[in-house]
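Bear in mind that the values in this text are calculations on the coordinates, not laboratory data. Note that the coordinates shown come from a computational prediction; the quantities given were computed from them, not determined experimentally. As a convention, Cβ positions derive from the backbone with ideal geometry for all residues, glycine included, and neighbour counts pool all protein chains shown.
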Amino acid sequence: MYKAKIIITYRKSVLDPQGKTVENSLHSLGFSLISNTRMGKYIEYIIDTEDKNEAENIVEETCKKLLANPVMEDYSYKLEKVEQKKNV
Amino acid sequence: MSKAKVGIVVFPGSNCDHDVFNVCKNILNLDTKFLWHKQGSIEDRNIVVLPGGFSYGDYLRCGAISRFSNIMQDIVRFANKGGIVLGICNGFQILCETGLLPGALIKNENLKFICKSVPLTVENNKSIFTYLYDIKENIELPIAHGEGNYYCDEDTLTELIASNQIIFRYSENPNGSIYNIAGIQNKNRNVLGMMPHPERASETLLGNDAGLRLFKGIAESVL
């Protein structure tokens, strides 16, 4: 089985008002070295397959169809192999 | 009597459906009914309204989940063959997610939910939605949204302007929308999405009836 860890953020060309506000706050706390703050979403799920290619295809398809909106968002992801959990 | 048959789609979380119903049924006396999102067809309706609200709690992105509701397939089919579709607020977001309208609606620039009456300009009155307004007419309509900041890329904006798809613009930009866009129609001019709420401004008793002509216009355009 694979665990997909997906991160979705506004595309670089889109102004991210939440990221901007968080960054202003960080600056006012004195963290003046910080820039390019972006805020996004984190989604994870388990895929019941041992085939990494299949897992990748599923992640790509779910991101394109539902999880991210390509008009305004980018996505990136990692796949981790995980042990099958016993049903409790 | 108008031949308009209005169908108002109800999603879990829609909350302006009854306001639209009131305008269509009680003020304009149109044949009006609700369409539950789980049904597969819009039945015999010739005008479809996607009302405002928070369908599916705005989970993931506004309109992202509603797009996959049963009824949406039939609405896309209806729209593609020229049927009249009006999306208000959350309805506009759903139309963008569905791809019936270009662009997307992102979080307001000031991060606040804005609920107030705002001045608008009718940018194009050669549309089935706005032919009862004057060109460049200034009207006021209420907005109530947290994600009404219209975004599209440069090429799309150029195209929207060139093909007169921009119907309403804010006189003062409340939410950061590109080019002050408040409402757009599709290329085929039968689908309109707008963030302001015409249904909340359709009775003088409530202080403003600037939105009524929009509903009247589409109802009378059905022959």
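Below 15 angstrom from the Cβ of B:Ser55, what's the summed charge of the other residues (Lys, Arg +1; Asp, Glu -1)? Each step should come with its number before you reach the end.
Values: positive: B:Lys38, B:Arg61, B:Arg67; negative: B:Asp17, B:Asp58, B:Glu97, B:Glu147.
Every neighbour counted, the sum reads -1.
With all distinct Cα pairs included, what does the Kirkwood hydrodynamic radius of the stretch A:1-86 come out to in Å, to one decimal, could you say? If you can, show how the numbers build up before the last one.
Details: mean 1/r = 0.0680 Å⁻¹.
Value: 14.7 Å, from the Cα pair sum.
Please determine, in degrees from 0 to 90 and to the nearest 10, the orientation of helix A:52-62 with respect to the longest principal axis defined by the Cα atoms of chain A, where the helix direction is its Cα long axis.
50
Please give me the summed charge of the neighbours of B:Val118: other residues whose Cβ is under 13 Å from its Cβ, Lys and Arg +1, Asp and Glu -1.
It works out to a net charge of +1.
Rg and Dmax of chain B, using alpha carbons, in Å: what are they?
15.6, 46
If I take every Cα pair under 8 Å that is 6 or more residues apart in the stretch A:2-81, average their sequence separation and divide by the length, what percent do I get for the relative contact order? Can you show the working numbers first?
Numbers: 98 pairs, mean separation 43.1, N = 80.
This gives 54 percent for the stretch A:2-81.
Assuming a viscosity of 1.567 mPa s and a temperature of 4 °C, what translational diffusion coefficient in µm² per second does Stokes-Einstein assign to the stretch B:120-203, Rh being the Kirkwood radius over Cα pairs? Each step should come with its number before you reach the end.
On the way: Rh = 13.0 Å.
It diffuses with D of about 100 µm²/s by this estimate.
Find the centroid of the Cα atoms in the stretch A:25-67 and in the stretch B:115-141, then give the distance between the two in whole Å.
So the separation of the two Cα centres works out to 40 Å.
If a/c stays under 1.5 just call it rounded; otherwise compare a/b with b/c (prolate if a/b is bigger, oblate if not). Do that for the stretch B:78-137, with a ≥ b ≥ c from the square roots of the Cα gyration tensor eigenvalues.
Details: a/c = 2.51, a/b = 1.12, b/c = 2.24.
Oblate, since a/c reaches 1.5 and b/c is not below a/b.
Under a no-solvent Debye model with one identical scatterer per Cα of the protein assembly as shown, what's log10 I(q)/I(0) at q = 0.11, 0.13 Å⁻¹?
After summing over all Cα pairs, the log10 values are -0.71, -0.94.
What does the charge count around B:Asn90 come to, taking other residues whose C-beta lies under 12 Å from its C-beta (Lys +1, Arg +1, Asp -1, Glu -1)?
Overall, the nearby charge balance is -2.
Of B:Lys38/B:Lys107; B:Lys126/B:Lys216; A:Lys41/A:Lys78; B:Lys3/B:Lys136, which pairs sit farther than 25 Å apart, going by alpha carbon to alpha carbon?
B:Lys38/B:Lys107; B:Lys3/B:Lys136
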